[in-house]
């Protein structure tokens, strides 16, 4: 069983897919708005010439490793593109960005505007008198965007200052050490692939720590934590001290801010090997489990974490040698004791192995004695950090009942229409509302016909709707507060149907009317499920579009007794 945090509320972020970029000549030109042009024209104009360019970054470039990309699987594959704007007259960089290769030409304009208004030091806000670029399409594009800004735009075949900057990037890349020492690269990759085949995460939770005594290459004992039982991240973390392991977990479970979480992550002291897909991310489903990939699509990634070094995605010779020996010992231990470790068992086990020193290692011995042992007491201690009480204290709140991209609204349906719905709809769950006031306050969820039917079937299998509630929620990592719409089903599950910003004026007004109407109906409200999401009735379904009516009690948040629900992590520790 793996140590984990319960996710109380699931927050979805929907991002549009990035498609292929059309040639510049096929793009619709987007101009600056009037306010921006006026703001730029108010800047002082210096008689300087600026160079601008956008160039691919190779995987070896020191600029290539950014937040939006991972190291390329192929050395020849570019990791992205660097946009540079430099003042050729002063010899300084005014603005620089690294963007994905598929980003459109607007990116070079965004960087240029920043170069004008918010340049790097020692630059001052200003417009150049002249801009030169070495790409004809970029020249034509900028000419259309920058018209009326009194800037001369020219094409030149070479950009001396930018050329020199990129030569410097290349020099740094060429002196950078390889990710793995060449003499140990193939053996390490083979050993990591062997561990992938062993799949120790099928038996070991990330709290079931193995003690590995090495006493070589400046490592006395390492503490192995196996990731993967949650199906989130797969790998082996080899902590240089037990204190580092425990401190990191304590900080994660403290549910700190994102900045504090990042600091805790970088504060670990360990070697690691993790696994990732050697394919484009877009090829996978959103909830894709790496373990379902073909073995040929799995790529090991090696590295080092240290509080003073941060994360380092390459290994030095001694680290590579030590990792090779440790992984071989782990492989033998898992192979020998697999049956003893199955079914959540973690008994005291200790074995010692004679591991050959890797070829090419500068060592006085040919064999290293390595001891591997389970640590049941530590496993119990780490598991207790979460504890059964916490698991029981927070209910699971699911967010998979309401179909994605559904139309949602709070409103009221007149009593005459409610009466017709009771007799005409495909599905009706009766209630006992007091028929006073404007009508029945309802939550309307409009989706497609197939999804509406599937939603109704799932509600029926869960015992119907037993209540509708609004409960406070918060995201402590960014400081946001929400009004969470919840449906309670007959099996006592709670389902999230909507997240509303707590202080959003439109929602505040709708909630106020909702509460007033529910008081008049003696605490009753309704859930209406309708079809016709993509038709003319979107957002305003007629009676023929309505599929189901559930008349249910409106539950106060105090009745549920949940308090403020906080967003929490499901942790797989890396």
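Each reported figure results from applying straightforward, stated rules to the coordinates on display, with no laboratory input. Model, not experiment: these values are computed from the prediction. Ideal geometry is used to build each Cβ from the backbone, glycine not excepted, and the neighbour counts take in all protein chains shown.
List of remarks:
- Ordered by the number of other Cβ atoms lying within 10 Å of each residue's own Cβ, fewest first, 110, 94 fall into the sequence 110, 94.
- Interatomic Cα distance distribution for the stretch 340-461, bins of 10 angstrom, percent: 9, 19, 17, 12, 11, 12, 10, 6, 4, 0
- An ellipsoid equivalent to the stretch 178-264, defined through the eigenvalues of its Cα gyration tensor, has semi-axes of 25, 17, 15 Å when rounded to whole angstrom and sorted largest first.
- The stretch between residue 202 and residue 351 holds 51.6 nm of extra length on full extension. This uses 0.36 nm per residue minus the Cα-Cα distance.
- Alpha-carbon Debye profile of the stretch 397-566, log10 I(q)/I(0) at 0.11, 0.19 Å⁻¹: -0.43, -1.36
- With contacts taken as Cα pairs under 8 Å at a separation of at least 6 residues, the stretch 300-369 carries a relative contact order of 22 percent.
- Cα gyration tensor category, rounded, prolate or oblate, for the stretch 303-366 with a/c compared to 1.5: oblate
- Counting beta carbons within 10 Å around each of 111, 534 and listing the fewest first gives the order 534, 111.
- Cα gyration tensor shape of the stretch 182-389, rounded if a/c is under 1.5, else prolate or oblate by comparing a/b with b/c: rounded
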